[in-house]
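K.L.:
Right, I'll just put the structure down here and ask away after.
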Amino acid sequence: MMLGLLLARAGVDVAVLEKHGDFLRDFRGDTVHPSTLQLMHELGLLESFLQRPHDKAHDIRAVIGGTESVIADFSRLRTRCRFIAMVPQWEFLDFLRDEAALYPGFQLSMETEAVGLIERAGRITGVRARTTTGEVLIQADLVIGADGRKSAVREAAGLQVRDLGAPIDVLWMRIIKLRTDPSGSGGRIGTGRFMAMIDRGTYWQCAYVIHKGGSEAIRERGLDAFRADIVALVPLFADRIKAQVASWDDVKLLSVSVDRLTRWWRPGLLCIGDAAHAMSPIGGVGINLAIQDAVAAANVLAEPLADARVSAERLTPLLAKVQRRRMLPTRLTQAVQVAAQSRLINPLLDSTQPPQVPWVLKLLDRWPALRALPAYAVGVGARPEHVRSPELTRPAMPH
Ligand SMILES: Cc1cc2nc3c(=O)[nH]c(=O)nc-3n(C[C@H](O)[C@H](O)[C@H](O)COP(=O)(O)OP(=O)(O)OC[C@H]3O[C@@H](n4cnc5c(N)ncnc54)[C@H](O)[C@@H]3O)c2cc1C
């Protein structure tokens with residue numbers, strides 16, 4: 001959606017396909033990072049975006065065995081917004097859609113699922129898509145695969161995937177938030193257990209981390225034992241867990257994967273976001289990376305695509321350029337996620353001892369200025385992008 005907005009803004013005709021009828025799904029993050037807010041500012045959209053309902057997370061906290069520590073402090077960043085805006089992703093996507101729709105070249109087709117690629121002489125020239133009224137063929141100078149970690153586009157293109165391994169899965173559930181609850185998102189770490197809690201105003205979106213493939217064993221122990229595990233981590237939930245987790249239907253298993261394509265492109269096709277590099281939820285940075293990819297792609301591709309005379313041969317090396325630009329932040333971020341999975345989370349899930357506050361958090365407690373470093377890693381990340389693609393067409397209606 002972000003790349004659709006940027007390209008339409010630069011005068012390119014864009015068709016965005018979305019297989020669902022809306023964006024109302026829970027299984028995404030809610031985090032709009034300082035770097036994304038910076039981009040919204042560069043696009044002149046920050047003020048109107050911040051008028052939409054959101055919460056501000058100025059820091060990230062973890063409760064480890066009952067002791068609370070601040071891990072990252074965004075107020076120490078030098079970005080325009082020194083917080084993470086907690087916005088359900090459907091709100092964020094609706095906002096981008098509304099802004100993109102102001103440009104005449106933008107077209108969004110809901111309930112339209114890419115199911116295959118059209119190929120001519122080794123070059124991708126469009127997609128086959130399934131709609132409610134049948135299959136359609138859409139021809140394009142360039143197809144962007146931004147269809148997430150189970151990308152049908154990357155599979156149809158036969159691009160090679162390197163699996164980096166994710167030893168964890170997530171059990172995802174909602175627990176009602178009472179007026180008397182404290183506010184703010186964060187993590188809870190107890191003996192052999194770890195849960196992230198996203199504050200969504202009226203409820204807590206909980207991500208209970210388990211060993212990969214461990215959900216069957218948890219179910220076999222029974223719902224009461226599972227509820228007791230949650231309450232041991234968050235005693236606050238003792239009064240509501242039974243009503244909120246009434247059956248296993250209230251608990252969704254989300255499979256985590258970390259992988260990346262060795263080559264993100266073929267002539268006529270480019271993958272970005274999770275389609276190019278599926279991210280673990282660790283650090284909550286996948287949305288940020290996907291948006292940074294979109295901005296980098298627009299910076300390189302918008303002007304050539306807006307030129308009706310552009311040749312396929314001219315576009316191909318530019319696709320490689322986008323990958324070269326985004327490979328470093330992808331590699332670095334995934335390396336940190338994989339290390340956190342195997343060195344921190346896995347040992348934690350195996351542990352039978354109460355967790356100790358790690359030395360690094362003690363260091364951050366002692367020198368709070370150091371909290372700017374994890375804040376930068378999460379809130380901005382390596383090689384932040386800036387909007388360089390032009391605005392060639394005026395919006396059809398004023399903002
Ligand atoms: C449990 C969990 C929690 C997470 N929490 C966070 C977090 O808090 N913060 C964060 O930054 N990241 C988080 N992540 C990672 C984040 O969700 C992803 O990295 C990010 O959503 C990637 O964005 P994307 O646009 O590439 O793909 P997606 O967000 O997956 O979007 C892909 C879109 O394409 C559509 N689509 C799929 N296939 C097709 C098709 N064939 N045709 C048409 N449309 C299609 C989908 O419906 C979807 O709308 C989390 C991941 C998991 C698994």
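K.L.:
When residues of the range 213-226 are filtered for being under 16 Å from residue 192 (Cβ atoms), of a type outside the set (Phe, Trp, Tyr) and surrounded by 15 or more Cβ atoms within 10 Å (Cβ to Cβ), how many remain?
P.N.:
3
K.L.:
Residues of the range 247-275 being within 12 Å of the ligand (Cβ to nearest atom), buried (at least 24 other Cβ atoms within 10 Å of the Cβ) and part of a strand (DSSP E or B), which ones?
P.N.:
Within the range 247-275, 271 is the sole residue that qualifies.
K.L.:
Against the definition (more than 22 Å from residue 29 (Cβ to Cβ) and either at pLDDT below 95 or not in a helix (DSSP H, G or I) (or both)), how does residue 196 come out, yes or no?
P.N.:
Criteria not met by residue 196.
K.L.:
Sticking with this one: Scan 335, 320, 339 and give me the residue that is in a helix (DSSP H, G or I), in contact (Cβ under 8 Å) with a residue 24 or more places away in the chain and either outside the structural domain of residue 270 (by TED's automatic domain parsing) or not polar (S, T, N, Q) (or both).
P.N.:
320
K.L.:
Test of understanding: among 377, 369, which residue is closer than 25 Å to residue 281 by Cβ and assigned to a helix (DSSP H, G or I)?
P.N.:
Just one listed residue meets the conditions, 377.
K.L.:
Now, a different point. So for the range 46-64 (the condition being charged (D, E, K, R) and in a loop (DSSP other than H, G, I, E, B)), does at least one residue qualify?
P.N.:
yes
K.L.:
Taking the condition of being in a strand (DSSP E or B), within 12 Å of the ligand (Cβ to nearest atom) and among the aliphatic types (A, V, I, L, M), how many residues in the range 159-193 meet it?
P.N.:
4
K.L.:
Residue 127 - would you say it is more than 30 Å from residue 45 (Cβ to Cβ), modelled with pLDDT of 95 or more and either within 15 Å of the ligand (Cβ to nearest atom) or part of a helix (DSSP H, G or I) (or both)?
P.N.:
So residue 127 does not fit the description; no.
K.L.:
Another one. Are any residues in the range 130-157 assigned to a loop (DSSP other than H, G, I, E, B) and either touching a residue at least 24 places away in the same chain (Cβ under 8 Å) or closer than 30 Å to residue 217 by Cβ (or both), and if so, which ones?
P.N.:
140, 141, 142, 146, 147, 148, 149, 150, 151
The values are calculated or read from the model by the stated rules, or taken from the named source; none is laboratory data. As the structure is a prediction and not an experimental result, all values here were calculated from the model. Neighbour counts are summed over all protein chains in view; Cβ atoms, including those assigned to glycine, are modelled from backbone coordinates with ideal geometry.
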